[in-house]
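No lab work stands behind these numbers, since they all come straight from the coordinates. Bear in mind that the values here come from a model prediction, so they are computed numbers and not experimental data. Virtual Cβ from ideal backbone geometry, glycine too; neighbours counted across all protein chains shown.
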Amino acid sequence: MMNKNELISLTEQNIRQAVKDYGNHTFSTDVLDDVSDDFIRQLAHDSVVAKVDLRFLFFSLRELLNQCSFNTSAFILAKYLHLML
């Protein structure tokens, strides 16, 4: 399993490739001109951190639901989904 810095680096590479691919398919450079290295690094970092937090949240929810009856699990899940909307 990759550590956090490796994931950030891989995500950064993927973002750079996506920006390059976008540039290869458009004549408009307005958006591309605004994409800086700092922006890509921050986006990669934020993406990895958000995914880790989301995985932890879903893992915690799954553990909670596993400890409950079906009806209670359904109620908790419905409340959780309502909060997300």
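Can you check what the Kirkwood hydrodynamic radius comes to for the chain, Cα pairs only, in Å to one decimal?
15.9 Å is the Kirkwood radius here.
By a straight-distance test (C-alpha under 16 Å), which lysines pair with LYS4 as possible cross-link partners, with residues fewer than eight away in the same chain excluded?
By straight Cα distance, LYS4 reaches LYS51.
Can you check what the net charge comes to around LEU10, using other residues whose Cβ is under 14 Å from the Cβ of LEU10 (Lys, Arg +1; Asp, Glu -1)?
Residues near LEU10 contribute +2 overall.
Quick one: among GLN42, GLN67, GLN13, which has the greatest mean-square fluctuation in a GNM of the chain with alpha-carbon springs under 10 angstrom?
Of GLN42, GLN67, GLN13, the most mobile in the Gaussian network model is GLN67.
Each residue of the range 22-35 in order: what ³J(HN,Hα) in whole Hz does its phi give by Karplus 6.51 cos²θ - 1.76 cosθ + 1.60, θ = phi - 60°, with x for Gly and Pro?
4, x, 6, 10, 9, 9, 7, 9, 3, 5, 4, 5, 8, 8
Relative contact order for the chain: what percent, with Cα pairs under 8 Å and sequence separation of 6 or more? Provide the component values of the computation, followed by the final result.
Values: 25 pairs, mean separation 25.7, N = 85.
Relative contact order for the chain comes out at 30 percent.
Quick check for me: using +1 on Lys/Arg Cβ and -1 on Asp/Glu Cβ, what's the dipole size of the chain about its Cα centre, in debye to the nearest 20? Let's see the in-between values first.
Numbers: 8 positive and 11 negative charges, 117 e Å.
Roughly 560 debye, rounded to the nearest 20.
Could you work out [θ]222 nm for the chain from helices alone, using -39500 (n - 2.57) per DSSP H run of at least four and dividing by all its residues? Round to the nearest 500 deg cm²/dmol.
Values: 4 runs with 70 residues, N = 85.
Rounded to the nearest 500, the figure is -28000 deg cm²/dmol.
Which residue, VAL31, VAL52, VAL19, tops the fluctuation ranking in a GNM of the chain built on C-alpha contacts under 10 Å?
Highest fluctuation among the options: VAL31.
Starting from the Cα of ASN3, step 7 Å along the direction of its Cβ; do the same at GLN42; then give the gap between the two resulting points in nm.
Label at ASN3, label at GLN42, 2.6 nm between them.
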